[in-house]
Amino acid sequence: MKVTLDEEYKQAKKKSAKPMLWVSMISMTMMFAGLTSAYVVSRKRADWVAFDLPNAFYTSTILIIISSITFLLAKFFIKKDNRQLTTITLLTTLILGIGFVYFQFEGFNQLFNAGFVFAGEQSTVKSSFIIGISLAHIAHVAAGIIVLLVVTTNHFLKKYNSKNTLGLELGAIFWHFVDILWIYLFLFFYFIR
């Protein structure tokens, strides 16, 4: 009888994993919608300063898009039980994700060197919004990097195969969410100056 209850618990946990992830991503989306709405409203202020996005943000955008593609490939390869290509694509995704974070911070350095700071006497409303929203996104990317590390570790522990891909799929969903969120923010900052 105990084995049956344990199995039922595991099945219920598996069934609820994706819906719970979607609910959390919806709430994160609402947070960023609120932040970008505040940005739009604040553009009407007299002290609003226009400037171009740092070049490093362009590089980071390319890296995170490629990382989503490599994660899709990892999912494809594990469903074919091709462990070697799954390993290569997961490690590539992780490296690209770390590269994304590096170039994000490089972009912040470029903003700082151009005289735009997050807070203090020299800060502007616009620079505070851009850096604040980007830092909130970096927090989600940090969670995504942790997810990538967990998924990669579980892959090395042989927890995934063509019949058991849930953990890898959940990681991929979250990573694609982080990717789409950054593309939205990048395009938002690019077009709404």
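Derivation of every value follows stated rules applied to the coordinates shown; laboratory data play no part. What you see is a predicted model, and the numbers here were worked out from it, not measured in a lab. Quick reminder, even Gly has a Cβ in these numbers, built from the backbone with ideal geometry, and neighbours come from all protein chains shown.
I95 versus N55, label points 7 Å from Cα toward the beta carbon: distance in nm?
Roughly 2.3 nm, to one decimal.
Taking the Cβ of F51 as the center, what net charge do the other residues with Cβ under 12 Å away carry, scoring Lys and Arg +1 and Asp and Glu -1?
+1
Determine, from the Cβ-Cβ distance of R193 and I88 and an R0 of 35 Å, the FRET efficiency 1/(1 + (r/R0)^6), rounded to the nearest 0.05.
0.30
Enumerate the helices in the chain for which the Kyte-Doolittle hydropathy averages 0.5 or more and the C-alpha atoms extend at least 27 Å along the helix's axis, using complete DSSP H runs.
55-79, 83-113, 125-156, 166-191
Could you give log10 I(q)/I(0) at q = 0.11, 0.12, 0.19, 0.23 Å⁻¹ for the stretch 77-188, computed by the Debye formula over C-alpha point scatterers of equal weight, without solvent?
Cα-only, vacuum Debye calculation for the stretch 77-188: -0.45, -0.51, -0.94, -1.22.
Between I183 and M31, with labels modelled 7 Å along Cα→Cβ, what's the label distance in nm to one decimal, could you check?
Each label point lies 7 Å from its Cα, and together they span 2.2 nm.
Where the Cα atoms of the chain are projected onto their three principal axes, how long is each span, largest first, in whole Å?
Principal extents (largest minus smallest coordinate, Cα): 69, 34, 25 Å.
For Y102 and L166, what does the FRET efficiency come to when R0 = 30 Å and r is the distance between their Cβ atoms, rounded to the nearest 0.05?
Between Y102 and L166 the formula returns 0.50.
Given the DSSP H assignment, sum -39500 (n - 2.57) over each helix run of at least 4 residues in the chain and divide by its residue total; what's the result at 222 nm in deg cm²/dmol, nearest 500?
-29000 deg cm²/dmol
Excluding A114 itself, what net charge comes from residues whose Cβ is under 14 Å from its Cβ, given Lys and Arg +1 and Asp and Glu -1?
-1
Hey, rough spin-label estimate for L157 and L72, points 7 angstrom out along Cα→Cβ, what's it come to in nanometres?
Simple spin-label model gives 2.9 nm for this pair.
Using Cβ counts within 10 Å as a stand-in for footprinting exposure, how do L149, L96 rank, fewest first?
Least to most surrounded, the residues fall as L149, L96.
Could you tell me the relative contact order of the chain? Use alpha-carbon pairs under 8 Å, at least six residues apart, and round to a whole percent.
Contact order relative to length: 29 percent.
Pick from F32, F51, F177: which residue has the top mean-square fluctuation in a GNM of the chain where Cα pairs under 10 Å get a spring?
Result for the chain, Cα springs under 10 Å: F51 fluctuates most.
Using the 10 angstrom Cβ neighbour count as an exposure proxy, how do T36, T153 rank, fewest first?
Placing the least packed residue first, the sequence is T153, T36.
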